[in-house]
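Written below as structure tokens is the structure these notes are about.
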Amino acid sequence: MLRQRIITAAWLAPLMLAGLFGLSGGAFALFTAAIVLLAGWEWTNLAGIRRHDHRLLLVGVLALAMLMLWLSGAALAAWPLWLGVIGWLANLYWVVHYPARGRQWQSPSRRLAMGLWVLLPAWVGLVVLRDTGAVWLLFVLLLVWCADIGAYFAGRAFGRRKLAPKVSPGKSWEGVAGGLVATALLAVLFATWQGLGTSGGLSLVLATLVVTLVSVLGDLLESMLKRYRGIKDSSALLPGHGGVLDRIDSLTAALPLFALIALGVL
């Protein structure tokens, strides 16, 4: 398993970095759309859609929605991001109240709708951040990675109090704290590098802590859906790593909010 993970990472990491930071404009939008559409294919499975032709049709609908956003200019607008933030508030309610409120979202149609407000705003967030400059796209990616790494090591070393035992028994409040410490340090380093000054640095740290907490929700939401669906990974598209959603679940929650902050809306 470790060997397979290393082989996959060896070709996937350079490809992702080249696409995310070597492309811009329409080429970047198309590259990231392909990633989101793969995640959309996996989401149809999480929604309980079994027939491949139906799943392909639904991915086509997602692609059409992305195309319409791009052609209308809404892929660089704030309103799809706001829709994502509102959707994530609903996701938070369902994660906190799992499994008691499960009937509110467990039908396939509602899980598909959930996928729209998770995946579309995440794609818009990517496009917006790339348009504002690669530096902020780099920051949000590092934020999610640092949060995951900090949570992993802090949870392993100090984890006692369970965060959401009915959703993801392995996660702890100590892990969340570790992720917050790691991303706060990242924000300080980033603010120093960018010369943001004391006020700008404090604002970035505060925004980072909020987005870090939101990113945890992304992980928990996918865990909830996989638990209900009875599967371990969203797919086997990435050998040794599970599926695309398994790699970007935290990012889907972080992107809309951080993109709004980058736009100066919040």
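The values are calculated or read from the model by the stated rules, or taken from the named source; none is laboratory data. Bear in mind that the values here come from a model prediction, so they are computed numbers and not experimental data. Don't worry about glycine lacking a Cβ; one is built from the backbone with ideal geometry, like all the others, and counts go over all protein chains shown.
Sort out which residues of the range 230-250 are of a type outside the set (Gly, Ala, Ser) and touching a Gly at 6+ places or on another chain (Cβ under 7 Å), and write them in order of number. Spell out how you get there, then give the answer.
Initial filter on the range 230-250 (of a type outside the set (Gly, Ala, Ser)): 231-233, 237-239, 241, 244-249.
Of everything in the range 230-250, those that are of a type outside the set (Gly, Ala, Ser) and touching a Gly at 6+ places or on another chain (Cβ under 7 Å) turn out to be 233, 237, 249.
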### Task
Would you confirm whether any residue within the range 173-188 is touching a helix residue (DSSP H, G or I) at 6+ places or on another chain (Cβ under 8 Å), buried (at least 20 other Cβ atoms within 10 Å of the Cβ) and closer than 19 Å to residue 95 by Cα?
yes
### Message
Which condition from (1) in contact with a Lys or Arg (Cβ under 7 Å, 6 or more places away or on another chain); (2) farther than 30 Å from residue 61 by Cα is the one that residue 149 breaks?
### Response
(1)
### Summary
Checked pairs for the range 90-108, first surrounded by 15 or more Cβ atoms within 10 Å (Cβ to Cβ), second of a type in the set (D, E, K, R) and not in a helix (DSSP H, G or I), C-beta under 8 Å and 6 or more apart or across chains, list as 94/101; 98/166
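Which one of these is under 18 Å from the mean Cα position of the chain (by Cα), closer than 20 Å to residue 254 by Cα and of a type in the set (Gly, Ala, Ser): 74, 78?
One residue alone meets the criteria, 78.
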### Query
Just wondering, is there one or more residues in the range 199-207 that are at pLDDT below 95, outside any helix (DSSP H, G or I) and of a type outside the set (Phe, Trp, Tyr)?
no
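Give 48, 84, 26, 60 a once-over and let me know the one that is modelled with pLDDT of 95 or more, surrounded by 14 or more Cβ atoms within 10 Å (Cβ to Cβ), part of a helix (DSSP H, G or I) and of a type in the set (Gly, Ala, Ser). Can you show your working first?
On the way: 48 fails: part of a helix (DSSP H, G or I); 26 fails: surrounded by 14 or more Cβ atoms within 10 Å (Cβ to Cβ); 60 fails: surrounded by 14 or more Cβ atoms within 10 Å (Cβ to Cβ).
The match here is 84.
Inside the range 99-197, counting only helices (runs of 4 or more DSSP H) that do not spill past its ends, which hold 3 or more residues that are in contact with a Cys (Cβ under 9 Å, 6 or more places away or on another chain)? I'd like the intermediate steps shown before the answer.
Values: elements: 108-132, 134-158, 173-194.
Those helices (runs of 4 or more DSSP H) span 173-194.
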### Close pairs (8 angstrom Cβ cut-off, 6 or more residues apart or separate chains): at pLDDT 85 or above in the range 8-19, of a type in the set (Phe, Trp, Tyr) anywhere
19/28; 19/31
### Query
For residue 239, are the conditions met, namely being touching a strand residue (DSSP E or B) at 6+ places or on another chain (Cβ under 8 Å) and over 25 Å from residue 83 (Cβ atoms)?
no
